[in-house]
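The values are calculated or read from the model by the stated rules, or taken from the named source; none is laboratory data. Everything quoted here is computed from the prediction, not taken from an experiment. All Cβ positions, glycine included, derive from the backbone under ideal geometry; neighbour counts span all protein chains shown. With ligands, DNA and RNA removed, areas are computed over all heavy atoms of the protein, side chains included. Shrake-Rupley method; radii C 1.70, N 1.55, O 1.52, S 1.80 Å.
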4 protein chains.
Amino acid sequence: MTDPARQEQASPEVQKRIQESFDRQGLMAHLGARISHMAPGRVHIVLPARPEVTQQHGYFHAGATSAIADSAGGYAAYTLFPEDTDVLTVEYKINLLAPAVGAHIEAIGTVLKSGRTLTVCQLEVYGVQADGERRLVANGQQTLIRVNKPAQ
Amino acid sequence: MTDPARQEQASPEVQKRIQESFDRQGLMAHLGARISHMAPGRVHIVLPARPEVTQQHGYFHAGATSAIADSAGGYAAYTLFPEDTDVLTVEYKINLLAPAVGAHIEAIGTVLKSGRTLTVCQLEVYGVQADGERRLVANGQQTLIRVNKPAQ
Amino acid sequence: MTDPARQEQASPEVQKRIQESFDRQGLMAHLGARISHMAPGRVHIVLPARPEVTQQHGYFHAGATSAIADSAGGYAAYTLFPEDTDVLTVEYKINLLAPAVGAHIEAIGTVLKSGRTLTVCQLEVYGVQADGERRLVANGQQTLIRVNKPAQ
Amino acid sequence: MTDPARQEQASPEVQKRIQESFDRQGLMAHLGARISHMAPGRVHIVLPARPEVTQQHGYFHAGATSAIADSAGGYAAYTLFPEDTDVLTVEYKINLLAPAVGAHIEAIGTVLKSGRTLTVCQLEVYGVQADGERRLVANGQQTLIRVNKPAQ
């Protein structure tokens with residue numbers, strides 16, 4: 001609540017642009033993920049626990065963990081891009097540090113380096129218990145490319 | 001059909017063990033993925049196109065692409081493990097080489113190096129058109145660890 | 001000088017064990033690298049600029065940057081290991097964020113997660129100018145494994 | 001000797017351009033590395049064993065292994081670039097699969113995907129015994145960017 005990093009917000013225009021893009025991602029809706037915070041260069045995405053996102057032991061599946069981490073990093077980069085551009089993931093690497101358990105998981109994408117063509121993000125995913133206890137369950141690094149938006 | 005690599009099959013016991021584990025992965029069912037081939041050290045997973053697995057441009061979401069790639073590699077490693085063990089993904093890295101489009105995508109996990117503790121897999125994902133044309137859309141590398149199965 | 005993180009030191013026993021291992025690395029001596037700091041879970045390695053470590057434009061070669069990053073992460077993990085063990089790099093991934101220039105580069109390996117078998121480190125490399133100005137030139141992530149030391 | 005892949009050669013112009021760039025890499029000379037083969041989209045670099053390239057157990061240091069792998073991939077990409085351009089490594093990931101031992105190690109960089117801006121390479125490093133026996137000791141994946149050569 002009092003985390004100062006949380007208080008910084010992306011501009012309403014940027015938030016609208018990102019939310020609209022996110023809403024077009026069929027996978028995010030299908031998983032049940034939602035954006036929980038948008039700051040310049042940092043985006044948080046939350047995914048609640050439910051059977052549809054598990055692996056064979058009932059933990060969050062690495063694919064679900066990675067999916068929201070990838071989207072969080074992509075939109076973190078996108079907060080810093082001009083309006084007529086789009087973002088594509090070039091590659092990412094993720095270490096699964098601990099079983100991803102909790103009432104929900106939260107992915108945080110943070111821009112490490114923003115270049116004209118390429119952006120590099122840090123990816124973190126936390127398992128969050130119902131009582132708010134947080135544990136780092138995955139950590140990664142992602143490269144993204146800025147592309148011009150195709151004319152519609 | 002006549003791909004010789006396709007004709008090699010894992011033993012019925014191994015196929016059964018892997019299929020049962022796969023069937024417990026809520027995420028794979030929720031995405032609509034299925035195992036299409038199991039050979040010793042190599043597993044294929046197919047994911048048909050549908051709106052529930054897309055990103056903002058209607059392509060397969062990198063998270064869906066990665067999820068089946070991660071599972072294909074994990075089960076490829078698992079084909080070579082003894083019966084009382086389990087497999088966990090330590091980390092993976094994936095490059096998204098081209099927009100993932102097609103009637104379905106197919107992930108192929110192949111064991112590069114099988115050690116006592118760690119296994120390293122190559123991950124490939126192809127976009128497959130309705131006419132069978134295939135294009136490599138993602139390529140990755142994954143590290144897995146063998147763990148003893150917890151007593152039930 | 002007043003960086004509090006710098007003031008924490010690994011125990012003399014750990015420092016001795018790591019320095020002795022480092023001194024056996026022919027490559028580190030050949031490159032001209034030296035350990036500049038050892039704390040529990042964090043090791044710094046410095047490499048001065050000279051023609052022998054350059055790429056074709058006169059910057060530090062990515063191979064030299066990676067070599068000291070890999071060693072810094074490996075020794076950071078090693079600071080937390082028991083005495084009769086050894087450390088091996090399983091894999092690492094590194095992004096080269098900017099041309100590596102400066103009077104020297106400094107790699108910092110920091111343990112993110114220390115497990116019984118595997119350890120995950122963050123890797124950072126800074127280009128440091130003669131006036132002390134620092135710039136992040138590479139960022140990475142590394143997985144290491146603890147092994148029992150072979151009897152001598 | 002009769003490996004057909006070996007018989008394909010890059011054009012004399014491309015070979016000259018790459019050899020000149022390689023000869024400006026102070027690190028490659030300092031390590032004792034040399035280019036052993038240049039084909040379109042594939043470059044081999046050899047590094048003979050000597051104490052100056054070892055880690056603490058006398059094996060090839062991961063930093064030396066990575067350095068020649070990175071250069072092999074970079075020059076593999078460069079074989080496919082137009083003349084007035086240059087290549088930079090964006091990032092790479094490498095798994096160290098086995099102790100790197102042998103009379104020499106040989107890195108092979110192979111282009112997986114060549115795009116207008118980005119190129120993705122596969123990296124392999126083999127330990128080669130005096131009798132010619134080869135073993136895969138490292139495997140990786142690398143992203144490179146094409147840049148315009150600065151005016152001289």
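Counting protein heavy atoms only, chain B has 52 percent of its accessible area on carbon and sulfur, 1.4 angstrom probe. With loop membership from DSSP and a limit of 14 other Cβ atoms within 10 Å, the longest segment of chain C without GluC sites (Glu not before Pro) is C:9-82.
Shielding by partners for peptide B:104-113, expressed as the average number of C-beta atoms from other protein chains within 10 Å of each residue's C-beta, is 1. Seen from B:V101, the other residues with C-beta closer than 15 Å to its C-beta sum to a net charge of 0, counting Lys and Arg as +1 and Asp and Glu as -1. Under 5 Å from the amide H of A:A10 lie the amide H atoms of A:M38, A:A39, each residue being 5 or more positions distant or on a separate chain, with H modelled from the backbone and absent for Pro and chain starts. Take every Cα pair under 8 Å whose residues are at least 6 apart in sequence, average their separation, divide by the length of the stretch D:94-142, and the relative contact order is 43 percent. Rounded to the nearest 10 degrees, the angle from helix A:12-23 to the longest Cα principal axis of chain A is 60 degrees.
Compared with the dominant Cα axis of chain B, that is its longest principal axis, helix B:62-78 is turned about 30°.
Helix content alone sets the calculated 222 nm mean residue ellipticity of the protein assembly as shown: runs of n ≥ 4 DSSP H residues at -39500 (n - 2.57) each, divided across all residues, give -7500 deg cm²/dmol.
Residues in the stretch D:43-51 carry Karplus couplings, in order, of 9, 10, 10, 10, 10, x, 5, 6, x Hz; the curve used is 6.51 cos²θ - 1.76 cosθ + 1.60 with θ = phi - 60°, and Gly or Pro positions show x. Comparing B:Y75, B:Y59, B:Y92 in a Gaussian network model of chain B where C-alpha atoms under 10 Å apart are linked, the largest mean-square fluctuation is found at B:Y59. Summing charges over all other residues whose Cβ lies under 9 Å from the Cβ of B:Y126, with Lys and Arg as +1 and Asp and Glu as -1, gives 0. Please give the net charge around A:F22, taking every other residue with its beta carbon less than 12 angstrom from that of A:F22, where Lys and Arg add +1 and Asp and Glu add -1. Here the count lands on +2. The amide H of A:V87, built 1.01 Å from its N in the peptide plane, has A:V147 as neighbours under 5 Å, considering only residues 5 or more places off or on other chains. Probing with 1.4 Å while keeping every protein chain in the model, the per residue accessible area of the stretch B:1-126 equals 37 Å². Our coupling estimate for the stretch B:130-146, obtained by passing each phi through the Karplus curve with A = 6.51, B = -1.76, C = 1.60 and θ = phi - 60°, is 4, 8, x, 4, 10, 9, 5, 10, 7, 9, x, 9, 9, 10, 10, 10, 8 Hz, Gly and Pro reported as x. Interface between chains B and D: roughly 1200 Å² of accessible area buried, both sides summed (probe 1.4 Å, protein heavy atoms only).
Could you tell me whether chain A comes out rounded, prolate or oblate from its Cα gyration tensor? Rule is a ≥ b ≥ c as square roots of the eigenvalues, rounded for a/c under 1.5, then prolate if a/b exceeds b/c, otherwise oblate. It is prolate, given that a/c is not under 1.5 and a/b is the larger ratio. Cα centroids of the stretch D:3-72 and the stretch A:71-114: 35 Å apart.
Residues whose amide H comes within less than 5 Å of that of C:H61, counting only those at least five positions distant or on another chain, are C:T54, C:Q55 (H built at 1.01 Å from N in the peptide plane). For the protein assembly as shown, what does the alpha-carbon gyration tensor say about shape, rounded, prolate or oblate, given a ≥ b ≥ c as the root eigenvalues, a/c under 1.5 as rounded, and a/b over b/c as prolate? In terms of gyration-tensor shape, rounded.
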